[in-house]
Amino acid sequence: MEGSWPVILSGIECGSVTARHEGAYSVFSAEAACAAEGVVRISLYGGGREGYLGVLAPDPEGVWRLTRRLTRTELSGFPAAPEYAAESGGKPPAEPEPEDAGTQPDAEKTEAEPETAPPARPEELWYAAPDGTLSRFDGKRLLVAIPSSGVRVPDWARGVVQRINGREYVVFPR
């Protein structure tokens, strides 16, 4: 990822973030001249996604700076086309919802779906264990992925077989 984007703090554009390639890393450098108090964490925003960069720290001249080196894996959760940098935890711009989502009210649902692991998204970060299993927290529960190949499951459980990083796994909520 390469480019330059504005830093917006407290609604004011007061600096910039630049990214450049350096070997296997993308190096992000941020500078902001805004007066800020406390810890200032910033993220890149774009396409409804947020990518955490780190903490701005003041230098003796009063300029807030940050330098961070990220691998391609660490960048997988970042926006594909960043638009700006701002304080972390802010609400990124929402993507428009389709006009006719085709959803049914709960009262009209005839059959309860069994609980399965949600489908994997590229921005998800899985943690590998020495035994070859993967794990991650999806916000509600721990998911455990066990390597498999050609496993057959009934139709009602088809969501448990997922491809993660090009390999097939059976994913169980724990």
Quickly run through the stretch 42-57 and pick out the residues that are exposed (fewer than 14 other Cβ atoms within 10 Å of the Cβ), part of a strand (DSSP E or B) and under 19 Å from the mean Cα position of the chain (by Cα). Val55
Out of the residues in the stretch 30-41 meeting the condition of being out of contact with any Leu (no Cβ under 7 Å at 6 or more places or on another chain) and not in a loop (DSSP other than H, G, I, E, B), tell me which one is modelled with the lowest pLDDT. Arg41
Those residues of the stretch 14-32 that are more than 10 Å from Ala85 (Cβ to Cβ) and surrounded by 14 or more Cβ atoms within 10 Å (Cβ to Cβ) come to a total of 7
Counting only residues that are within 18 Å of Leu134 (Cβ to Cβ) and among the small types (Gly, Ala, Ser), which one in the stretch 151-174 is modelled with the highest pLDDT? Gly166
Considering each residue of the stretch 63-76, count those that are surrounded by fewer than 16 Cβ atoms within 10 Å (Cβ to Cβ) and within 15 Å of Ser16 (Cα to Cα), and give that number. 3
When the stretch 138-156 is examined, which residues are found to be surrounded by 12 or more Cβ atoms within 10 Å (Cβ to Cβ) and not in a loop (DSSP other than H, G, I, E, B)? Leu143, Val144, Ala145, Ile146, Pro147
Check on Pro79, surrounded by 17 or more Cβ atoms within 10 Å (Cβ to Cβ) and in a loop (DSSP other than H, G, I, E, B): yes
From the list Pro60, Pro96, Pro105, exactly one residue is more than 15 Å from the chain's Cα centre (by Cα), at pLDDT 75 or above, loosely packed, with under 15 Cβ neighbours inside 10 Å and not β-branched (Val, Ile, Thr). Which is it? Pro60
Hey, can you tell me all the residues within the stretch 1-21 that are at pLDDT 90 or above and either out of contact with any strand residue (DSSP E or B) (no Cβ under 7 Å at 6 or more places or on another chain) or assigned to a loop (DSSP other than H, G, I, E, B) (or both)? His21
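The values are calculated or read from the model by the stated rules, or taken from the named source; none is laboratory data. Because the structure is a prediction, the values reported are computed rather than measured. Glycine gets a Cβ as well: all are built from the backbone with ideal geometry, and neighbour counts include every protein chain shown.
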